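Structure first, commentary second.
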Amino acid sequence: MREFSFPDFMFIVLAIRWTILLSAVAMVGGGVLGIVLALARTMDSSIARWLSGSFILFFQGTPLLLQLFLAFFGLSLIGVDLGAYGAAALALTLHAAAFLGEIWRGSIEALPKGQWEASRALGLSYVTTMRSVIAPQAMRLAMAPTVGFVVQLIKGTSLAAIIGFVEVTRAGQIVNNATFEPFAVFGLVSTIYFLLCWPLSLLGGRLERGLSR
């Protein structure tokens, strides 16, 4: 056992880059797949609605921790070894896609049906209607829940510690095991997560007010 020192402090602080990188990959990948899911959920095709709905149901209905285990341990059993980072990125991306897809689907369907009917009356295609009429209005409705989910996603990256990926939480565990000073170590870890998430919440509020105007 040793005292908590400046190198330990820097070890935890430098692990922020992995938390940010993992969050960014999950958000970008989940956002792209989430758009596909949201559009599939609003299509006339019953097959597209069923497939997208089943995907969302599974990833919303199972714990993120279990999804991380399946990506890390389950895939390795069939010869697909992604490593801790790859497994965490895959699990968080699919998790994010399910929630973002449903958030954006709800925002699209919350718009008055008259918007769709007016677009059809003008002879606009589905793509043009979505791009020029529906999406700009849905963005305003989706902004607050989307930012709220991003905050949850950043905090959710802490679960990647369970499969050995060294982000902020795992770095804190390593230092705590060496120093046995949980108050100082996890107090620092908590502060880091707060500093990452609080500005996002403020930004989300500003964006929402801007889009409302």
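List of remarks:
- Among Leu51, Leu141, Leu33, the largest mean-square fluctuation in a Gaussian network model of the chain (Cα springs under 10 Å) belongs to Leu51.
- Dipole size of region 6-212 about its Cα centre, with +1 on Lys/Arg Cβ and -1 on Asp/Glu Cβ: approximately 560 debye, rounded to the nearest 20.
- Among Ala142, Val127, Trp18 - extreme Cα towards positive end, dipole of the chain, charges at beta-carbon: Val127
- Extension gain, Leu203 to Asp81, is 40.2 nm, computed as 0.36 nm per intervening residue step minus the present C-alpha separation.
- Prolate/oblate/rounded label for region 33-87 (Cα gyration tensor, a/c 1.5): prolate
- Contour minus Cα-Cα distance for Gln137 and Ile16 (0.36 nm per residue): 40.1 nm
- Taking each residue as 0.36 nm, the span from Phe6 to Asp44 lengthens on full extension beyond its C-alpha to C-alpha distance by 7.8 nm.
- For region 20-89 versus region 121-180, the inter-centroid distance based on Cα atoms is 12 Å.
- Note: relative contact order over region 6-212, using C-alpha pairs below 8 Å and six or more positions apart, is 29 percent.
- Axial C-alpha extent at least 15 Å, average Kyte-Doolittle at least -0.5 - helices from the chain (DSSP): 16-41, 46-61, 83-109, 135-156, 168-179, 182-212
Values in this text are rule-based calculations from the coordinates and carry no lab data. None of these values were measured; they are calculated from a predicted model. Counting neighbours? That spans all protein chains shown, and the Cβs are built from the backbone with ideal geometry, glycine included.
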